[in-house]
Amino acid sequence: MIRMALTGLGLLCACAPLHAARPMITDDARIVDDKACQVESWARHDKGVGNEFWVQPACNFTGNLEVTVGAGATRAQGATHTTALVLQGKTLFKPLEANGWGWGLALGTARNPRERGGASWYGYVPFSVSLADDRVVLHTNVGWQRDQSDGRKHVTWGLGSETQLSQRSWLIAETFGQGDGQPFYQIGLRHWLVPERVQADATVGNRMGGGEQWLSIGLRWLSPAFLP
């Protein structure tokens with residue numbers, strides 16, 4: 001949900017997750033394995049606006065605290081600028097299990113170096129339900145965000161699903177937004193290139209009613225446990 005939180009910076013994709021596995025923006029009640037790390041990276045093309053490029057490493061040092069850092073850059077009108085720096089911590093109060101449910105808490109901050117006003121701050125609760133031996137997983141998020149640019153406060157939310165299509169492939173669909181304004185939606189595919197280690201994805205999305213269409217492609221790498 002870092003990708004959702006960054007909507008307040010004018011960058012739709014953060015708000016993850018997060019380990020809401022790419023390409024979902026709605027976060028899930030999972031974290032990186034104990035003593036392991038992951039790196040999510042993606043590119044996104046916003047029709048009529050420009051391109052975004054993101055990288056977000058995350059590690060679990062303690063067993064129940066996933067720490068994510070990240071940076072995003074936007075390329076528009078022939079110039080590339082760093083547009084967001086993010087830091088997030090996420091913990092679980094009940095881990096998600098097959099045919100069960102789980103929930104947790106994430107808190108984070110995001111800052112656009114090109115804007116004044118300190119930083120954006122956010123928090124949210126991810127809740128997930130597993131059905132059919134994990135072949136279908138549903139997610140919901142409810143949270144709060146304070147924007148860097150104008151100090152406005154928003155309720156944030158997300159509803160998403162993951163549906164297994166084959167041993168390595170998943171269909172994802174979701175809608176998400178803030179308390180004010182039209183919500184967004186996206187649909188996409190996620191595929192394991194190397195099971196449990198390397199994953200690729202692609203999505204298409206838009207705002208309800210149209211006008212903010214985007215395409216994204218991403219790559220996610222997960223490590224085995226290696227941290228001390």
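Values as computed for the structure displayed
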| read-out | value |
| --- | --- |
| Whichever residue in the stretch 61-98 is modelled with pLDDT under 90 and not in a strand (DSSP E or B) and, among such residues, is most open to solvent (accessible area, probe 1.4 Å) | GLN77 |
| Failed item in (1) aromatic (Phe, Trp, Tyr); (2) under 14 Å from the mean Cα position of the chain (by Cα); (3) open to solvent by less than 70 Å² (accessible area, probe 1.4 Å), with TRP192 passing the rest | (2) |
| Residue count for the stretch 99-116, restricted to those that are more than 22 Å from ASN64 (Cβ to Cβ) and in a strand (DSSP E or B) | 2 |
| Number of the condition not met by GLN182 [criteria: (1) farther than 23 Å from GLN38 by Cβ; (2) within 15 Å of the chain's Cα centre (by Cα)] | (2) |
| ASP150 open to solvent by 50 Å² or more (accessible area, probe 1.4 Å) and either in contact with a strand residue (DSSP E or B) (Cβ under 8 Å, 6 or more places away or on another chain) or closer than 15 Å to ASP28 by Cβ (or both) | no |
| Residue match in the stretch 165-173 (condition: at pLDDT 95 or above, more than 23 Å from TRP54 (Cβ to Cβ) and of a type in the set (Lys, Arg)) | yes |
| Odd one out for ARG207, checked against (1) surrounded by 15 or more Cβ atoms within 10 Å (Cβ to Cβ); (2) among the basic types (Lys, Arg); (3) under 24 Å from SER130 (Cβ atoms) | (3) |
| Of the criteria (1) in contact with a helix residue (DSSP H, G or I) (Cβ under 8 Å, 6 or more places away or on another chain); (2) closer than 16 Å to ALA21 by Cα, which one VAL136 fails | (1) |
| Subset of the stretch 117-133 (residues that are on the phi < 0 side of the Ramachandran plot, out of contact with any helix residue (DSSP H, G or I) (no Cβ under 6 Å at 6 or more places or on another chain) and of a type outside the set (A, V, I, L, M, F, W, C)) | GLY123, TYR124, PRO126, SER128, SER130 |
| Residue in the stretch 113-131 that is of a type in the set (D, E, K, R), open to solvent by 50 Å² or more (accessible area, probe 1.4 Å) and farther than 20 Å from GLY181 by Cβ present | yes |
| Of all residues in the stretch 33-45 being open to solvent by 20 Å² or more (accessible area, probe 1.4 Å) and not aliphatic (A, V, I, L, M), the one that is nearest to ALA21 (Cα to Cα) | SER41 |
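The values are calculated or read from the model by the stated rules, or taken from the named source; none is laboratory data. Computed from a predicted model, the values in this text were never measured in an experiment. Cβ coordinates were reconstructed from backbone atoms using ideal geometry, including for glycine residues, and neighbour counts include every protein chain displayed. Note: areas computed on protein heavy atoms with side chains; ligands, DNA, RNA excluded. Shrake-Rupley method; radii C 1.70, N 1.55, O 1.52, S 1.80 Å.
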